[in-house]
1. For the ranges 88-99, 70-81, what's the packing order if you count other beta-carbon atoms within 10 Å of each residue, average per peptide, and put the highest first?
2. If you roll a 1.4 Å probe over the heavy atoms of the protein chains, what accessible area per residue do you get for the stretch 104-163, in Å²?
3. With no solvent and one equal point scatterer placed on each C-alpha of the stretch 66-112, evaluate the Debye formula and give log10 I(q)/I(0) for q = 0.13 Å⁻¹, two decimals.
Amino acid sequence: MSFTLAIVGRPNVGKSTLFNRLVGKRLALVDDTPGVTRDLREGDARLGDLKFIVIDSAGLELAEDDSLQGRMRRLTERAVEEADICLFLVDARVGVTPADEIFADILRRKNAHVILAANKAEGRAGEAGALEAWSLGLGEPLQISAEHGEGLDDLYSALQPLA
Ligand code: GDP
Ligand code: MG
């Protein structure tokens, strides 16, 4: 039994960095996989002994016009529908933004199973932002660094029960 994890969050929080770290070189970006929209990248992820499918809601970065909110919402909803669990990333160095609140709201409305993580938290730089993320009401924020590979043991512990 495996599961599908969707990485969601506003642009620039580190979704693709984490996607690439979890997928490594094992699988390419799949544009034509049936059931996966072109705006969602899917790959085979590995974390310790866990193997699962990961979705990066990559298309969000492409939307810079005034339909950004609508596009964000639709893509996130699609990612949530395709996934068993969502990893909701915020930027620990920036703290919680209004856009983060919108995502939190979408996830709540969709009744998504959410793991919250404050990324860019290497070297304790994200301590304050991570604390702030409690205010999203989605439970305890993990502190991770997608770029430096920190905190992934906590992510493992959070995902392990799903395997
Ligand atoms: P996305 O828009 O959510 O997919 O974010 P990206 O993965 O494209 O990352 C946005 C920026 O944040 C890039 O410049 C990354 O190098 C940087 N970034 C991602 N993860 C980390 C991290 O753990 N620590 C730091 N300091 N920067 C990061
Ligand atoms: Mg990206």
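1. Listed from highest to lowest mean packing, they are 88-99, 70-81.
2. 52 Å²
3. For the requested q values the scattering log ratios are -0.29.
The values are calculated or read from the model by the stated rules, or taken from the named source; none is laboratory data. Here the structure is a predicted model, which is why all the values come from computation and not from measurement. All Cβ positions, glycine included, derive from the backbone under ideal geometry; neighbour counts span all protein chains shown. Remember, those area values only see protein heavy atoms, side chains included, never the ligands or the DNA or RNA. Shrake-Rupley method; radii C 1.70, N 1.55, O 1.52, S 1.80 Å.
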